[in-house]
1. Out of everything in segment 5-63 that is within 17 Å of Gly73 (Cβ to Cβ) and among the hydrophobic types (A, V, I, L, M, F, W, C), what residue ends up being surrounded by the fewest Cβ atoms within 10 Å (Cβ to Cβ)?
2. Among the residues of segment 27-64, how many are under 23 Å from Lys13 (Cα atoms) and of a type in the set (A, V, I, L, M, F, W, C)?
3. Taking Ser71 and the conditions (1) in contact with a helix residue (DSSP H, G or I) (Cβ under 9 Å, 6 or more places away or on another chain); (2) assigned to a loop (DSSP other than H, G, I, E, B), which numbered condition does it fall short on, given that it satisfies the others?
4. Here's a check for you: in segment 23-39, which residue that is closer than 14 Å to Gly54 by Cβ and either touching a Gly at 6+ places or on another chain (Cβ under 8 Å) or among the polar types (S, T, N, Q) (or both) is modelled with the lowest pLDDT?
5. Restricting attention to segment 12-34, report how many residues are under 14 Å from the mean Cα position of the chain (by Cα), without any contact (Cβ under 8 Å) to a residue 40 or more places away in the chain and in a loop (DSSP other than H, G, I, E, B).
Amino acid sequence: MELYVPMPVIHFKPISKRVKPQQNVYECPCYYYPIRKGTVERDSYMMKIDLKLGDSPPEHWIKRGTALLMSTGS
């Protein structure tokens, strides 16, 4: 059980809006700061990033509160 694990660099490729949701993908939330709620002056949520699931269902990652953080400091 690790609190922070490094994520490889992600290269973004713009696409048209999908009609059907993809299978075998976890829509992982991405935040600027570890404090996910944000404030009026400083919003924390950025976007959803599709990550391949592997062997685990999306519920596995949702229950663990899995998210990507741009910064580990507040």
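1. Filtering segment 5-63 for residues that are within 17 Å of Gly73 (Cβ to Cβ) and among the hydrophobic types (A, V, I, L, M, F, W, C), the one surrounded by the fewest Cβ atoms within 10 Å (Cβ to Cβ) comes out as Val5.
2. The total comes to 7.
3. (1)
4. Here is the first cut: in segment 23-39, the ones closer than 14 Å to Gly54 by Cβ are 23-26, 28.
Going one step further and asking which of them are either touching a Gly at 6+ places or on another chain (Cβ under 8 Å) or among the polar types (S, T, N, Q) (or both), we end up with 23-24.
Numbers: Gln23: 84, Asn24: 88.
Among those residues, the one meeting the criterion is Gln23.
5. So in segment 12-34, the residues under 14 Å from the mean Cα position of the chain (by Cα) come out as 12, 25-34.
When the remaining residues are screened for being without any contact (Cβ under 8 Å) to a residue 40 or more places away in the chain, the result is 12, 25, 27, 29, 31-32.
Then keep just the ones that are in a loop (DSSP other than H, G, I, E, B); that gives 12, 32.
Total meeting the criteria: 2.
The values are calculated or read from the model by the stated rules, or taken from the named source; none is laboratory data. Because the structure is predicted, anything quoted here is derived from the model rather than measured. Glycine also receives a Cβ, built like all others from the backbone with ideal geometry; neighbour counts cover every protein chain displayed.
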